[in-house]
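For reference, the structure is listed below as structure tokens.
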Amino acid sequence: MDGYLTYDAVGLAELVRAGEVKPAELLEAARKRAASVNPRVNAIVVDVDVDVDVDPAVAVERPDAPFSGVPFLVKDLHQDLAGYPTSDGSRSLAAVPATENATVVQRWLDAGLVIFGKTNTPEFGAKGITEPELFGPARNPWNTDHTPGGSSGGAAAAVAAGIVPCAGASDGGGSIRIPASACGLFGLKASRGLIPAGPARGESLGGTATNGVISRSVRDTAAMLDVLVGPTADAPYLPALPATPYAGEVGRDPGRLRIGVCTASSINPDPHPEAVAAVREAAELLTALGHEVVQLTAAPFDDAVLAKDFLTSWFAYVAYSVDEAKTASGAGDSGFEVDTQLMAALGRATSPVALNRAIENRHEHVRRLAAFHETYDLLLTPTTATPPPRIGAFDLSPALRLAQKAMLTVRAAGLLRLTPIVDQLITDNLAWVPYTQLANLTGRPAMSVPLHWTADGLPIGVQFVGALGAEGQLIRLASQLEQARPWADRRPQL
């Protein structure tokens with residue numbers, strides 16, 4: 001087990017190719033580690049029955065498979081594995097099996113990865129924490145009283161706990177970067193359209209969401225990007241692919257970068273001192289590495305307007321997700337959490353004009369960020385405004401929950417906007433994560449790098465936002481930071 005925990009995914013694949021370890025031995029090690037730690041972190045919520053010795057669907061014998069025989073987990077949200085339910089964290093879909101593999105899942109299988117489970121996620125991925133009623137909360141391996149973030153919280157908890165070195169994740173508003181930050185891991189969200197979402201859907205969340213991974217090493221994420229990128233016949237875009245593989249960017253000199261630094265947020269005007277310290281320390285390290293770091297006096301975008309635009313679209317998407325789940329499963333309202341019903345009601349109460357305005361406003365956010373990137377290579381912010389909150393920190397009070405249920409019972413969706421429930425939803429969803437939605441609405445790549453731990457031993461990452469197509473630049477910088485201040489051997493004591 002000590003040997004298994006030492007290697008990243010690339011390293012494990014190298015051992016398999018060299019004949020030093022068999023895929024069955026790796027799978028056994030992963031399952032033993034899961035049996036030991038998963039009861040404490042609740043990362044894996046669906047077991048996948050796979051036997052690498054007899055299952056012909058497992059591509060472990062192909063020498064060209066980059067991750068041949070490496071154990072892997074996929075997220076239980078949109079990452080369909082044929083024959084198994086994709087619950088999206090919802091009771092309504094827990095018994096509806098997928099009929100085909102998602103494109104990214106098929107690409108992971110073709111790369112030789114051995115998928116043996118699915119990871120915890122909030123209902124429809126609609127929160128920055130992972131506490132679904134269906135499976136119960138995922139817990140942070142650094143302190144199980146705290147959240148691992150969301151919506152890829154189960155994936156991050158599994159990687160941080162050493163069950164797998166890398167796991168499938170997705171990001172519609174920060175859902176790769178937030179849990180990476182909370183669990184001391186590396187997470188990169190790719191540019192819009194670079195990774196296909198099919199075949200069941202053309203784009204997730206109107207193009208703001210994308211699949212990816214959460215990993216312990218930069219080279220794992222880079223190599224996984226090489227596996228995932230590229231169009232399909234049913235994709236909505238033909239993305240501009242890099243001239244050379246992303247894996248080749250690891251270890252390359254990023255050059256001298258000009259980086260604008262901002263911790264300001266009108267959503268959370270007083271970020272936690274540990275978040276500010278994380279950015280300050282990162283800026284000092286960047287300066288020592290020869291980069292030009294400039295403190296910005298204001299954010300290069302209107303985050304209050306962006307947050308409103310994001311949530312307007314998000315609530316409408318939740319309404320759509322609920323209706324789709326009802327159609328697929330025949331579930332009634334009782335199949336959904338009350339918070340989800342509330343968000344769906346708010347989505348249904350949104351006028352078509354307001355929804356289209358929020359969508360069209362994305363272009364203004366793109367223009368402002370593009371203007372910033374004419375002067376600066378990257379934007380540096382905290383990934384989150386606070387350290388990982390405690391489990392249950394965002395539970396509604398009994399009085400508000402009763403009011404919420406009463407509003408839903410009488411279908412008074414229009415009146416919901418006049419209650420404190422909406423303000424609390426906004427606070428719960430965005431106040432501790434006000435920085436991440438920018439990259440989603442603008443379609444730009446962004447990454448969270450684990451460079452800081454709090455005095456209490458909890459991780460909190462820093463975020464870099466790049467220009468469109470800047471994945472290679474981000475990987476080069478992340479690799480430089482990883483070499484200057486290694487984090488892979490820093491592990492929680494479970």
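The values are calculated or read from the model by the stated rules, or taken from the named source; none is laboratory data. The model shown is predicted, which means the values in this text are computed figures rather than measured ones. FYI the Cβ positions are ideal-geometry reconstructions off the backbone, even for glycines, and counts take in every protein chain you see.
Only one residue in Val338, Val305, Val318, Val322 is closer than 30 Å to Ile259 by Cα, within 27 Å of the chain's Cα centre (by Cα) and of a type in the set (A, V, I, L, M), so which one is that?
One residue alone meets the criteria, Val305.
Answer yes or no: is there a residue in segment 62-79 that is part of a loop (DSSP other than H, G, I, E, B), out of contact with any Gly (no Cβ under 7 Å at 6 or more places or on another chain), at positive phi and surrounded by 21 or more Cβ atoms within 10 Å (Cβ to Cβ).
yes
Out of Glu133, Glu203, report the one residue that is surrounded by fewer than 24 Cβ atoms within 10 Å (Cβ to Cβ), at pLDDT 95 or above and among the charged types (D, E, K, R).
Numbers: Glu203 fails: at pLDDT 95 or above.
The unique qualifying residue is Glu133.
Can you spot a residue in segment 91-110 that is modelled with pLDDT under 95 and more than 22 Å from the chain's Cα centre (by Cα)?
Yes: one or more hits.
Looking at this structure, is Ala29 within 24 Å of Trp142 (Cα to Cα), part of a helix (DSSP H, G or I) and in contact with a helix residue (DSSP H, G or I) (Cβ under 7 Å, 6 or more places away or on another chain)?
yes
Please work out which residue is nearest to Gly469 (Cα to Cα), limiting yourself to segment 356-406 and to residues that are among the hydroxyl-bearing types (Ser, Thr, Tyr) and buried (at least 16 other Cβ atoms within 10 Å of the Cβ).
Tyr376
Does segment 452-494 hold any residues that are basic (Lys, Arg) and in a loop (DSSP other than H, G, I, E, B), and which are they?
The answer is Arg485, Arg490, Arg491.
Of all residues in segment 268-280, count the ones that are surrounded by fewer than 19 Cβ atoms within 10 Å (Cβ to Cβ), in contact (Cβ under 8 Å) with a residue 12 or more places away in the chain and closer than 24 Å to Ala467 by Cα.
Of the residues in that region, 1 qualify.
Among the residues of segment 206-225, how many are surrounded by fewer than 20 Cβ atoms within 10 Å (Cβ to Cβ) and modelled with pLDDT of 95 or more?
0
Return the pair list, or none, for Cβ contacts closer than 7 Å from residues in segment 286-297 that are free of Cβ contacts under 8 Å to residues at least 12 places away in the same chain to residues that are surrounded by 14 or more Cβ atoms within 10 Å (Cβ to Cβ), at least 6 apart or on different chains.
Final answer for the pair search is Thr287/Val293.
Looking at (1) more than 18 Å from Leu228 (Cα to Cα); (2) at pLDDT 95 or above; (3) in a loop (DSSP other than H, G, I, E, B); (4) of a type outside the set (Ser, Thr, Tyr), can you tell me which one Lys127 breaks?
Exception for Lys127: condition (2).
Could you grab me the full set of residues in segment 170-185 that are in a loop (DSSP other than H, G, I, E, B), more than 24 Å from Leu81 (Cβ to Cβ) and out of contact with any Leu (no Cβ under 9 Å at 6 or more places or on another chain)?
Gly174
Here are the criteria: (1) at pLDDT 95 or above; (2) more than 30 Å from Val37 (Cα to Cα); (3) surrounded by 15 or more Cβ atoms within 10 Å (Cβ to Cβ). Tell me which single one Ala484 does not satisfy.
(3)
Considering (1) over 30 Å from Asp64 (Cβ atoms); (2) touching a residue at least 12 places away in the same chain (Cβ under 8 Å); (3) loosely packed, with under 15 Cβ neighbours inside 10 Å, say which one Asp253 fails and leave the rest.
(1)
Being within 18 Å of Ala307 (Cβ to Cβ) and modelled with pLDDT of 95 or more narrows it down to one of Thr436, Thr427, Thr454, so name that one.
Every option except Thr436 fails the conditions.
If a residue has to be farther than 15 Å from Asp8 by Cβ and in contact (Cβ under 8 Å) with a residue 60 or more places away in the chain to count, how many in segment 162-175 make the cut?
Qualifying residue count, segment 162-175: 7.
Does Val46 satisfy the condition of being in a strand (DSSP E or B), modelled with pLDDT of 95 or more and of a type outside the set (Ser, Thr, Tyr)?
It is true that Val46 is in a strand (DSSP E or B), modelled with pLDDT of 95 or more and of a type outside the set (Ser, Thr, Tyr).
Sort through Leu225, Leu188 and tell me the only one that's assigned to a strand (DSSP E or B), among the hydrophobic types (A, V, I, L, M, F, W, C) and either touching a residue at least 60 places away in the same chain (Cβ under 8 Å) or over 20 Å from Ser321 (Cβ atoms) (or both).
Leu188 is the lone residue from the list that is assigned to a strand (DSSP E or B), among the hydrophobic types (A, V, I, L, M, F, W, C) and either touching a residue at least 60 places away in the same chain (Cβ under 8 Å) or over 20 Å from Ser321 (Cβ atoms) (or both).
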